[in-house]
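**Student:** Attaching a single structure in C-alpha cells format; questions to follow.
The values are calculated or read from the model by the stated rules, or taken from the named source; none is laboratory data. As the structure is a computational prediction, the values presented were derived from the model and not from experiment. Because the Cβ atoms are built from the backbone with ideal geometry, glycine has one as well, and the counts that use them run over all protein chains shown. Remember, those area values only see protein heavy atoms, side chains included, never the ligands or the DNA or RNA. Shrake-Rupley method; radii C 1.70, N 1.55, O 1.52, S 1.80 Å.
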Amino acid sequence: MGILNDDKSKNDHLHYGEAFGIWTYLLVSQGLLSAYQTYINHAGDKELKNFLGDMIENVLRPEIEKTQELLKVTGIALPPAPPEKAKASLEDIPAGARINDPEISGAVAMDIAGGLLSCSEIMGISVREDVGAMFGQFHMNKAQHGLRLLRLNKDKGWMVIPPIHERVREFA
C-alpha cells in the first residue's frame, strides 16, 4: 500500500477521519440541496433565485456526485438523501409562512462559511492526495460563490453589519 505515494493514492483505503469527513460532507450537501430547492420556491428576488440555481447546479450537484462516487469506490455505504423538492409558486405560499429573501441569503452565507470550514478540515486530515485535492477544489468553488453572495447582499441592502467599535485609548 503506497500511502504517501501519489501514483497509488487513489487505490489506498480511506482512514477513519477521511471516511467520516467525506460521509458527513455528503450528508450535509444532500440536505442543503433540498433546502435550496425550497429556498427557490420562497425567493422573490430574481438574482437570488439565479444564485441559488447556480449553487445547486454548479456546487452542490457536482460535489454530491463526486463524493458519492468516492464513497462507492471505497465500499462505504452512502447516507440517506432527502427527496427532491417540488417546484411551487411564490404566490401559493402564505405571507406569514414565507422565508424572506434576506433570511434565505443569510442562511446560504452561513452554509458557505460552514462548507469552507468543512473542506479545510478534510483537506487538513487527508492522507490521500486525491481527496485533499478534491476538497481543495470544493473550497475554491465555495469561496468564489461566497464572494458573489457577499456582493449580492451588499447590492440588495441585505447585509447586516455589526456596530463599529471605536475605542479611544488614553495613555497616562
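**Student:** Where the second residue is part of a loop (DSSP other than H, G, I, E, B) and the first is within 13 Å of G106 (Cβ to Cβ) and lies in the range 142-169, which pairs have Cβ atoms under 8 Å and are six or more apart or on separate chains?
**Tutor:** L150/M159; L152/W158; N153/M159; K156/D45
**Student:** Filter the range 81-128 for residues that are modelled with pLDDT under 95 and assigned to a helix (DSSP H, G or I); which is most open to solvent (accessible area, probe 1.4 Å)?
**Tutor:** Among those residues, the one meeting the criterion is E91.
**Student:** Any chance the range 54-71 includes a residue that's assigned to a loop (DSSP other than H, G, I, E, B), touching a residue at least 40 places away in the same chain (Cβ under 8 Å) and either exposed (fewer than 15 other Cβ atoms within 10 Å of the Cβ) or among the small types (G, A, S) (or both)? Working first, answer last.
**Tutor:** The initial filter retains those residues of the range 54-71 that are assigned to a loop (DSSP other than H, G, I, E, B), namely none.
The answer is no; no qualifying residue exists.
**Student:** Scanning for something basic (K, R), part of a loop (DSSP other than H, G, I, E, B) and open to solvent by 30 Å² or more (accessible area, probe 1.4 Å), does the range 164-171 turn up at least one residue? Spell out how you get there, then give the answer.
**Tutor:** The first filter runs over the range 164-171 and keeps only residues basic (K, R), leaving 167, 169.
So of that shortlist, the ones also part of a loop (DSSP other than H, G, I, E, B) come out as 167, 169.
Then keep just the ones that are open to solvent by 30 Å² or more (accessible area, probe 1.4 Å); that gives 167, 169.
The answer is yes; a qualifying residue exists.
**Student:** Just checking, which of L117, L147, L60, L90 is out of contact with any helix residue (DSSP H, G or I) (no Cβ under 6 Å at 6 or more places or on another chain) and under 30 Å from H13 (Cβ atoms)? I'd like the intermediate steps shown before the answer.
**Tutor:** Working: L147 fails: under 30 Å from H13 (Cβ atoms); L60 fails: out of contact with any helix residue (DSSP H, G or I) (no Cβ under 6 Å at 6 or more places or on another chain); L90 fails: under 30 Å from H13 (Cβ atoms).
Residue meeting the stated conditions: L117.
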